[in-house]
Amino acid sequence: MSDNREQTRDDQTDYIPDSLREHTFDGIREYDNRLPNWWLAIMYGSIVFALLYWIVFHTLEIRPTPREAFDRRMAAAQEAELARMAESGLSDELLLMMSETPTTVAEGRNLYDRHCVACHKDRGQGLVGPNLTDDMWLHGCAPMDLHAIVADGVATKGMPAWMNQLGPSRVSTVVSYVLTLRNTNVPGKEPEGEPCR
Ligand code: HEC
């Protein structure tokens, strides 16, 4: 029995007793023990990981951030969907979908700035041509209605036909931008035509 006790004490020679720090706050004392290695490994590991993450994603931008990767995949999916729909020909749905695709809308805006601003003004509020931002339309408000007017024009009223000059793809692109102007209600030329139904 006594042998046994000796044995236990020997085994514990490398046991380091809790050490207490000097100070006392309201009678509370603090241990000053060494943190376990697994804990330190996690802490230093996190610091190294955070540094590498920052350098790779933010400083050198070697890899896209998860947010950018997500946006890219969404844009790619949207473009694939557009291409699929375009195969079955022009439709209200296709034009609407184009008007929700940022890259297409940006291209459309460029075309608009170059070719349409003179008569419809920078935000579509109208000058010679009608206000494109209100809810009133001379020739209908459906995407295909706008497409028809932009493609064929209204010769007698001074709206040029754009199909020959821009070609089918750019006509659709500029229409997709005009669709984003609908109901933005920029004060400008008085409403003309019929309310959108
Ligand atoms: C030379 C001036 C002029 C230019 C440039 C012009 N438009 Fe027009 N646009 C008009 C006029 C005028 C009308 C009204 C036609 C009518 O009274 O029937 C019109 C009508 C429209 C309509 C139909 C509005 C409605 O109420 O139904 C759309 C859409 C339109 N234009 C888009 C465009 C786009 C897109 C471009 C550029 C690619 C463009 N226009 C360039 C003068 C112009």
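Odds and ends about this structure:
- Looking only at segment 120-162, residues that are out of contact with any Asp or Glu (no Cβ under 7 Å at 6 or more places or on another chain), among the aliphatic types (A, V, I, L, M) and free of Cβ contacts under 8 Å to residues at least 60 places away in the same chain come to 10 in all.
- Residue in segment 134-153 that is out of contact with any Pro (no Cβ under 6 Å at 6 or more places or on another chain), loosely packed, with under 13 Cβ neighbours inside 10 Å and on the phi < 0 side of the Ramachandran plot present: no
- Elements of type helices (runs of 4 or more DSSP H) in segment 80-181, at least 2 residues being within 10 Å of the ligand (Cβ to nearest atom): 102-115, 117-120, 143-152, 163-181
- Within segment 33-45, residues that are touching a residue at least 24 places away in the same chain (Cβ under 8 Å) and surrounded by 10 or more Cβ atoms within 10 Å (Cβ to Cβ) reach no partner that is part of a helix (DSSP H, G or I) and not aliphatic (A, V, I, L, M) with beta carbons closer than 8 Å at six or more positions or on different chains.
- Considered as a group, the residues in segment 182-197 that are assigned to a loop (DSSP other than H, G, I, E, B) and among the charged types (D, E, K, R) include one that is nearest to the chain's Cα centre (by Cα), and that residue is Arg182.
The numbers here are math on the coordinates, done by the rules we state, and not lab data. As the structure is a prediction and not an experimental result, all values here were calculated from the model. Cβ atoms come from the backbone with ideal geometry, glycine included; neighbour counts cover every protein chain shown.
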